[in-house]
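In what follows, a structure is listed as structure tokens, so that the remarks can point back to it.
The values are calculated or read from the model by the stated rules, or taken from the named source; none is laboratory data. Model, not experiment: these values are computed from the prediction. In this analysis, Cβ positions are derived from the backbone assuming ideal geometry, glycine residues included, and neighbour counts consider all displayed protein chains. Heads up: the accessible areas ignore ligands, DNA and RNA and are worked out on the full protein's heavy atoms, side chains in. Shrake-Rupley method; radii C 1.70, N 1.55, O 1.52, S 1.80 Å.
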Amino acid sequence: PGSTDKTCRLWDCITGDCMRLFKGHGAPVTSTTISSCGKMLASGADNGEVVVWDIGSSKPIWTLPGHVGAVNSLSFSPKGSSLLASGGQDGTVRLWELPQGPGSEKTKVDKELKVLTTKLSSVLLVKFSR
């Protein structure tokens, strides 16, 4: 889960120990999700920032710009880790296509695949269907 201390933590449910600490957000973390392959964590913050992390190293892979205001919800596609949806306080759903394969962490992701603008003041939940 995310935190007001601008970090995310991955906990061992049996021991209660913190297994991984993800630091680097510039604002409190408001949403998190883990990819279906279990290798990536995405986190969204109060300032509209989305960061995709490598779980093994706890290092950021990509920072995804776009939202204005808090990121309320994140969801990876269950059919793979290349699609990520984010829903924000700005009333938009943003669909991101993340690079895959060797060297993909060096590829900059600076534009979303699609932006869906809703008539809602805020998007509270995004999910992919199977």
Alpha-carbon centroids, the range 1-49 and the range 53-130: separation in whole Å = 14 Å
Label the range 1-40 by shape, choosing from rounded, prolate and oblate, from the square roots a ≥ b ≥ c of the eigenvalues of the Cα gyration tensor; if a/c is under 1.5 it is rounded, and otherwise prolate applies when a/b is larger than b/c, oblate when it is not.
-> oblate
Which trypsin sites (Lys or Arg not before Pro) from the range 1-89 combine a DSSP loop assignment with at most 16 other Cβ atoms within 10 Å?
-> K39, K79
Among L41, L125, S77, whose Cα sits farthest toward the positive end of the charge dipole of the chain (+1 at Cβ of Lys/Arg, -1 at Cβ of Asp/Glu, about the Cα centre)?
-> S77
If only Cα atoms are counted, what is the Rg of the chain, and what is its Dmax, in Å?
-> 14.0, 44
Would you mind telling me the share, in percent, of accessible area of the range 1-115 contributed by carbon and sulfur at probe 1.4 angstrom?
-> 52 percent
Using the C-alpha atoms of the range 77-130, what convex hull volume per residue, in cubic angstrom, is computed?
-> 81 Å³
The aspartates and glutamates whose Cα lies under 20 Å from the Cα of K6, excluding any fewer than 8 residues away in the same chain, are D17, D46, E49, D54
Taking R0 as 22 Å and r as the Cβ-Cβ distance between V115 and D5, the FRET efficiency 1/(1 + (r/R0)^6), rounded to the nearest 0.05, comes to 0.15
Just tell me which aspartates and glutamates come within less than 15 Å, Cα to Cα, of K119; anything on the same chain fewer than 8 places away is out.
-> D90
Dipole magnitude (debye, nearest 20) for the range 74-130, charges at Cβ of Lys, Arg, Asp, Glu = 180 debye
Taking a probe of 1.4 Å, how large is the accessible area per residue of the chain, in Å²?
-> 56 Å²
Suppose every K and R has +1 on its Cβ and every D and E has -1 on its Cβ; what is the size of the dipole of the chain about the Cα centre, in Debye to the nearest 20?
-> 300 debye
Quick one: what are the phi-derived ³J(HN,Hα) couplings along the range 23-30, Karplus 6.51/-1.76/1.60 with θ = phi - 60°, whole Hz, x for glycine and proline?
-> 10, x, 6, x, 8, x, 7, 10
